[in-house]
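None of the figures in this text is laboratory data; all of them are computed from the coordinates on show. Computed from a predicted structure; not experimentally measured. Positions of Cβ are generated from backbone atoms using ideal geometry, with glycine treated the same way; all protein chains shown enter the neighbour counts.
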Amino acid sequence: MLIDTHVHLNADQYEEDLEAVVTRAEEAGIGKMVVVGFDRKTIERTMELIETYDNVYGVIGWHPVDAIDCTEKELEWIESLAEHKKIVGIGETGLDYHWDKSPHDVQKALFKKQIALAKRVGLPVIIHNRNATANCIEILKSENAHEAGGIMHAFSGDENDADEVLSMNFHISLGGPVTFKNAQDPKDIAVHVPLDKLLVETDAPYLAPHPYRGKRNEPALVKLVAEKIAELRGITFETLSEQTTKNAQNLFGI
C-alpha cells in the first residue's frame with residue numbers, strides 16, 4: 001500500500017471524472033490520499049471529500065500566493081474545521097517568491113500565524129516553498145515549528161537544507177520531479193534522506209511523473225514516484241512502500 005500525502009482532488013480538473021480517478025488510485029494500491037485545501041473554495045471541497053470517501057483525509061490552510069486575501073476570520077474558520085477527526089494537518093502554508101501577488105512580508109506574517117495555529121490544534125504543518133528556502137528555514141526556526149513537526153512538500157532544496165529541516169522534526173516529501181530525466185537534485189535528496197523521514201506524493205493534478213510529464217497527474221501515479229525512489233536507493237518497492245506508508249500513518253495519526 002502507498003499513501004499519496006499531497007493531492008488536490010478538490011481541483012476543477014477532476015470535476016468530470018473524480019470517481020474514476022479514485023477508483024484507479026485504489027486499483028493501483030494507493031490505500032489513502034491526503035487532499036490539501038488552500039483557500040476558501042478548495043477547503044470547502046476538501047471537507048466534502050473527506051465525508052464522501054473513507055480513504056480520503058484532509059489538510060487545510062492558506063496558500064502563500066494568496067496570503068493577501070487571508071483575514072483573521074479565515075484563520076478562525078480553518079481552526080474550527082481542524083477539529084474534524086479526518087483533518088490531519090495545517091497547510092499548505094509557507095513562502096512563494098515565484099509569483100508576486102502577495103508581498104513577502106504578508107506571506108511571512110501568515111506563515112507564522114499558521115505555524116502557531118498548527119501548534120494550538122496539535123497537527124503537523126505542511127510547507128510550500130518556492131524560491132524561498134532560506135527564509136522558510138529561518139521562520140521554521142524562529143517560530144519553533146519543531147513543536148508541530150510536519151512536511152516539506154515537493155522538496156526543492158539541497159542536502160544541507162534537507163538536514164536543517166530534518167533536525168526540526170520535519171519529513172521530506174518527493175513527487176514527480178524525482179522521475180524527470182534531467183532532474184538530479186530530487187534524485188540526490190531521495191537517496192540522502194533517512195528512510196523513516198521520507199514521504200511520497202503526487203501534488204496532482206500538477207507535476208505528473210515521467211512518462212506522463214505535462215499531462216494531468218492523479219494519485220495512481222504516485223506508484224511511479226515510489227518505484228523510482230526505491231530504484232535510486234537500491235531497495236525493493238515493497239520496502240519503500242511499507243516504510244513511507246508507516247511514516248505517513250505515524251505523522252498524520254491515520
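May I ask you to derive the FRET efficiency for H98 and T71 from their Cβ-Cβ distance with R0 = 25 Å, giving the value to the nearest 0.05?
Working: r = 24 Å, r/R0 = 0.95.
For R0 = 25 Å, the calculated efficiency reads 0.55.
What order, most packed first, do the peptides 200-207, 112-119 have when packing is the mean number of other Cβ atoms within 10 Å of each residue?
Values: 200-207: 23.9, 112-119: 21.0.
The densest-packed peptide leads the list: 200-207, 112-119.
Membrane-span-like helices in the chain: DSSP H runs reaching 24 Å or more (Cα, own axis), mean Kyte hydropathy at least -1.0?
Values: long enough: 104-121 (26 Å, -0.28).
Passing helices, by number: 104-121.
Provide the packing ranking of 22-35, 67-80, i.e. peptides ordered by the mean count of other C-beta atoms within 10 Å per residue, highest first. The partial results should precede the final answer.
On the way: 22-35: 19.6, 67-80: 14.8.
Order by mean packing, descending: 22-35, 67-80.
Pairs to check: K85/K112; K32/K86; K181/K228; K32/K113. Give those whose C-alpha atoms are more than 19 Å from each other in this structure. Spell out each step's value before the answer.
Numbers: K85/K112 24 Å; K32/K86 12 Å; K181/K228 11 Å; K32/K113 29 Å.
Going by Cα-Cα distance, K85/K112; K32/K113 fall outside the 19 Å limit.
Per-residue counts of other Cβ atoms within 10 Å, averaged by peptide: what ranking do you get for 129-138, 10-19, 220-229, 55-64, highest first? Please report the intermediate quantities before stating the final value.
On the way: 129-138: 18.4, 10-19: 14.6, 220-229: 23.3, 55-64: 26.0.
So the peptides 129-138, 10-19, 220-229, 55-64, ranked by packing, come out 55-64, 220-229, 129-138, 10-19.
So for the pair H146, T239, with labels modelled 7 Å out along Cα→Cβ, what separation do we get in nm?
So the two model labels end up 2.9 nm from each other.
Find how many whole Å separate the alpha carbon centroid of the stretch 207-254 from the alpha carbon centroid of the stretch 99-167.
Between the Cα centre of the stretch 99-167 and that of the stretch 207-254, the gap is 23 Å.
For S80 and E231 in the same chain, what is the full-extension length gain: residue separation times 0.36 nm, less their Cα-Cα distance, in nm? Can you show the working numbers first?
On the way: separation 151, 0.36 × 151 = 54.36 nm, distance 4.24 nm.
Fully extending the segment from S80 to E231 adds 50.1 nm.
Starting from 0 in steps of 5 Å, tell me what percent of the Cα-Cα pairs of the stretch 2-252 lands in each bin.
Values per bin, smallest distances first: 1, 7, 15, 19, 21, 18, 12, 6, 1, 0.
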